[in-house]
1. Report, by residue number, each residue of the stretch 158-173 that is open to solvent by 50 Å² or more (accessible area, probe 1.4 Å), farther than 15 Å from residue 15 by Cα and out of contact with any Lys or Arg (no Cβ under 6 Å at 6 or more places or on another chain).
2. Considering the stretch 34-47 alone, what residues qualify as being of a type outside the set (Asp, Glu) and surrounded by fewer than 18 Cβ atoms within 10 Å (Cβ to Cβ)?
3. Could you check the stretch 98-112 and list, in sequence order, the residues that are open to solvent by 70 Å² or more (accessible area, probe 1.4 Å) and not basic (Lys, Arg)?
4. Using the structure shown, decide if residue 143 is without any contact (Cβ under 8 Å) to a residue 12 or more places away in the chain, open to solvent by less than 10 Å² (accessible area, probe 1.4 Å) and within 18 Å of residue 89 (Cα to Cα).
5. When the residues of the stretch 15-33 are narrowed to those that are open to solvent by less than 40 Å² (accessible area, probe 1.4 Å) and in a loop (DSSP other than H, G, I, E, B), which ends up nearest to residue 55 (Cα to Cα)?
6. Quick test for you: out of 184, 148, pick the one residue that is surrounded by 22 or more Cβ atoms within 10 Å (Cβ to Cβ), in contact (Cβ under 8 Å) with a residue 40 or more places away in the chain, closer than 29 Å to residue 91 by Cα and out of contact with any helix residue (DSSP H, G or I) (no Cβ under 6 Å at 6 or more places or on another chain).
7. Could you list, in sequence order, the residues of the stretch 192-216 that are among the charged types (D, E, K, R) and open to solvent by 70 Å² or more (accessible area, probe 1.4 Å)?
8. Tell me whether the stretch 46-66 contains one or more residues that are at pLDDT 95 or above and in a strand (DSSP E or B).
Amino acid sequence: MRLSPSDTSEMVNQLIFGEHFKVLEKDKKWSKIKLSFDGYEGYIDNKQYEEISEDSFNQLTTEPKNYAGELIDFITDDANNLTTIPLGARLPFLNNQQFKLNGTQFNYQGKICNAKLPKTSIVETAFMFLNTPYLWGGKSPFGIDCSGFTQTVYKLCGYELLRDAKEQATQGEVLSFIEESEPGDLAFFDNEEGIITHVGIIMTDYNIIHAHGKVRIDKLDHSGIYNVDKHSHTHKLRVIKRMI
């Protein structure tokens with residue numbers, strides 16, 4: 001997804017297989033869309049999506065959500081054509097490891113995430129992305145940004161977060177002190193203007209896993225994130241929140 005309708009425009013988000021959305025505007029090459037999952041808006045190339053019926057859209061909004069649970073996997077159609085899908089891809093209308101989209105039958109044999117997991121699973125799931133390269137707007141194991149990381153990890157565990165860090169910071173319950181935090185809580189960080197620009201997942205023993213250059217583990221203290229490689233603070237703590 002791009003900020004404006006141009007190939008050279010900034011990528012602000014990423015759609016992966018199975019996501020559905022409404023088309024708000026459409027011209028010859030570009031569509032402005034609004035994601036059903038989190039309401040995020042942006043532009044995508046018309047070649048990169050297929051239209052579905054209104055009935056299918058409404059079903060996707062209400063049916064149980066099934067997500068691919070392997071870092072990288074694939075689906076096959078009836079002609080045995082392969083389509084690669086990443087961790088967190090949605091498998092719409094899944095039934096007995098099969099689903100149909102616009103008349104095409106697909107098969108999927110991999111791990112499926114489709115339940116609300118205990119909070120202890122959040123950090124475990126986050127480890128699957130360890131060392132994933134940072135990519136502004138990214139949401140996959142090929143590249144991910146800080147809020148794409150937290151949103152995807154929570155999604156795989158059965159919980160929904162908004163897309164950007166400053167939006168996620170409007171959710172959940174504020175904690176007064178780091179000492180009150182539990183593994184799986186989120187820590188938010190702001191810039192010099194007081195705008196929240198970063199988020200990470202709190203672990204045990206005052207550690208934090210977050211996307212900064214890559215998905216990495218650093219120390220968390222009352223000032224913020226202490227980078228264990230640079231031996232300095234890189235992010236200023238603003239608030240800690242409990243989402244579950």
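The values are calculated or read from the model by the stated rules, or taken from the named source; none is laboratory data. Quantities reported herein were computed from a predicted structural model and do not represent experimental measurements. Neighbour counts run over all protein chains shown; Cβ positions are idealised from the backbone, glycine included. Calculation scope for accessible area: heavy atoms of the full protein, side chains included, ligands and nucleic acids excluded. Shrake-Rupley method; radii C 1.70, N 1.55, O 1.52, S 1.80 Å.
1. The answer is 160, 166, 167, 170.
2. Let us first name the residues in the stretch 34-47 that are of a type outside the set (Asp, Glu), namely 34-37, 39-40, 42-44, 46-47.
Hits for the stretch 34-47 are 34, 35, 36, 39, 46, 47.
3. Keep residues of the stretch 98-112 that are open to solvent by 70 Å² or more (accessible area, probe 1.4 Å), which gives 98, 100, 102, 109, 111.
If the condition is that a residue be open to solvent by 70 Å² or more (accessible area, probe 1.4 Å) and not basic (Lys, Arg), then 98, 102, 109 are the ones that fit.
4. Working: without any contact (Cβ under 8 Å) to a residue 12 or more places away in the chain: yes; open to solvent by less than 10 Å² (accessible area, probe 1.4 Å): yes; within 18 Å of residue 89 (Cα to Cα): yes.
Yes, satisfied.
5. Per the criteria, the residue is 20.
6. On the way: 184 fails: out of contact with any helix residue (DSSP H, G or I) (no Cβ under 6 Å at 6 or more places or on another chain).
One residue alone meets the criteria, 148.
7. Filtering the stretch 192-216 down to residues among the charged types (D, E, K, R) leaves 192-193, 205, 214, 216.
Matches in the stretch 192-216: 192, 193, 205, 214.
8. no
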